[in-house]
Amino acid sequence: MKRFGKYIGLALLAVSLLAGCGNKGVPKEELVSTDSFEGEYLVTADYVKEHAEDENVLLVDCRGVDKAKKETLKGAIATTWQEIGTCGENYGAAGDEGWGKIPDPSELSEKLGELGMDKDKELILLGETLNGWGDDARVLWELAAAGYTDVRMVDGGYSAAKEAGVPTQKGAAKSEPVEVTIDSIDKTHVMETEELMSNYDAYKVIDVRTEEEYKGAVKYGEAQGGHLPGAVHLPYTNLFREDGSLRSKADVEKMMEDAGISKTDKIVAYCTGGIRSAYMQLVLEMAGYENTWNYDQSYWRWAVVGEVEK
C-alpha cells in the first residue's frame, strides 16, 4: 500500500487548514479559574521538553508533512488524520457514505504500522489549537478507539512546545515501519450517522464550528449550509485561553452548565469532519462527562443525508 494516497477534496482541505478556525480564545477576565487543565490524554509543553528524546517516546506531528517541512519538533514523524482514515479516492469524496471514518482493523493496522506508530511506545501528538483545527485530537481519538493506551496531545499544541524550548528541525523524521495489530475498534466514543439519525432525540448535540458556519455559511464544500436540528452552539475555540492552552475543568463545567448540558446527558459533538469535535469530546471525557461521542463524518455527511436548520 502506498503511504500517501490521493485524497478526494485534498485541495479543499488544504485551503481550510491555511484559513484556520479563528484565533480568539477566552479572555482572562472571563475565566472561572486559572488552574491548568489536567487529564489522561494531555501533557504539558515542559513534559515534552523533558522527554522528547526518550527512547520510548515517539513524537507525531499531526499537522502533516508539508507543515513539518517548514518546521517541526526534532525527531518527530508526520501524518494527518486523513492519512489514517478512510479518505483515499476509493472511498469517494467528503460527504460520501464511507468517507472520513476509522478504517477497519486490518487496514488501520497496515496504515499505522507503515508510520511506525508502535503501540508499545509513548506517543505524543502535536497539532495546533487556536491557530489550527486540533488535528492531534482527531488522531488521538482514533488511536484510543484502536486500543492505544499511551498516547497524549500537548496542552497548547505545537506552538506551546516550541515556546517551551523543545528543539526543532525542518522536515519530519523518517518513519520506521513496525508490526501493528488492531483487533477491533472500540466505538464507546464514536458516533456514526446511522445511530444518530435513528435515535436523535436521545442525545444533546453540540456544534463546535464557528458562528458563521452554524448560521449557514458553506465554506468547505458542504452539500448545504446550516446546523443539525436543535444543536447547541459551543465553538471549539471556547475551550481555550488566549494563549491557546486549555481552560480549567471548572471553566468547562461552567460552559456546559450555561449551555444547559449536564454530566448525565448523552452528548454528541460534531464539526465539519470530526476534527474540532474530537477535541471537544476528549476534553469533555477528561472533565468527567462520560457519555460523550465524536461524530466521525460530522456535517459533511449529515448535510447530504439529514435535515438541517439555519
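The values are calculated or read from the model by the stated rules, or taken from the named source; none is laboratory data. Nothing here was measured: the structure is a model prediction, and the numbers come from that model. We place every Cβ from the backbone using ideal geometry, glycine too, and count neighbours over all the protein chains shown. When the accessible area is computed, the model is the full protein with side chains, heavy atoms only, and any ligands, DNA or RNA have been set aside. Shrake-Rupley method; radii C 1.70, N 1.55, O 1.52, S 1.80 Å.
Hydrodynamic analysis of segment 172-255 uses the Kirkwood radius over alpha carbon pairs. Inserted into Stokes-Einstein at 10 °C and 1.306 mPa s, it gives a translational diffusion coefficient of 95 µm²/s.
Counting pairwise Cα distances across segment 23-178, what percent come out greater than 27 angstrom? Every Cα pair in segment 23-178 considered, those over 27 Å come to 24 percent.
Remark: segment 106-157 is approximated by an ellipsoid whose semi-axes, taken from the C-alpha gyration tensor as √(5λ), come to 21, 11, 9 Å, largest first.
Among beta bridges from DSSP that stay inside the chain, the antiparallel ones total about 15%. For the chain, the fraction of C-alpha pairs farther apart than 28 angstrom is 34 percent. Express the Stokes-Einstein translational diffusion coefficient of segment 79-166 in µm² s⁻¹, to the nearest whole number, given a Kirkwood radius over alpha-carbon pairs, 4 °C and a viscosity of 1.567 mPa s. Result for D is 93 µm²/s.
Taking amide H atoms as placed 1.01 Å from N in the peptide plane, list the residues 5 or more away in sequence, or in a different chain, whose amide H sits under 5 Å from that of Lys204. Under 5 Å from the amide H of Lys204 lie the amide H atoms of Lys266, Ile267, Val268, each far enough along the sequence or on another chain.
Once the Cβ-Cβ distance of Asp183 and Asn291 is raised to the sixth power relative to R0 = 30 Å, the FRET efficiency obtained is 0.75. A Cβ-based charge dipole, computed about the Cα centre of segment 105-217 with Lys and Arg at +1 and Asp and Glu at -1, lands at about 400 debye. Per residue, the accessible area of the chain comes to 44 Å² when a 1.4 Å probe rolls over the protein heavy atoms. Summing +1 for each Lys or Arg and -1 for each Asp or Glu, what net charge is found among the other residues whose Cβ lies under 15 Å from the Cβ of Glu211? Summing Lys/Arg as +1 and Asp/Glu as -1 gives +2.
Ranked by the mean number of other Cβ atoms within 10 Å of their residues, highest first, the peptides 189-201, 94-106 fall in the order 94-106, 189-201.
Overall dimensions of segment 29-110, expressed as equivalent-ellipsoid semi-axes from the Cα gyration tensor (√(5λ), whole Å, largest first), are 30, 20, 14. Dimensions of segment 52-99 based on its C-alpha atoms, expressed as ranges along the principal axes with the largest first, amount to 41, 25, 13 Å. Here segment 158-310 yields Rg over Rh of 1.02, to two decimals, using C-alpha coordinates and the Kirkwood radius.
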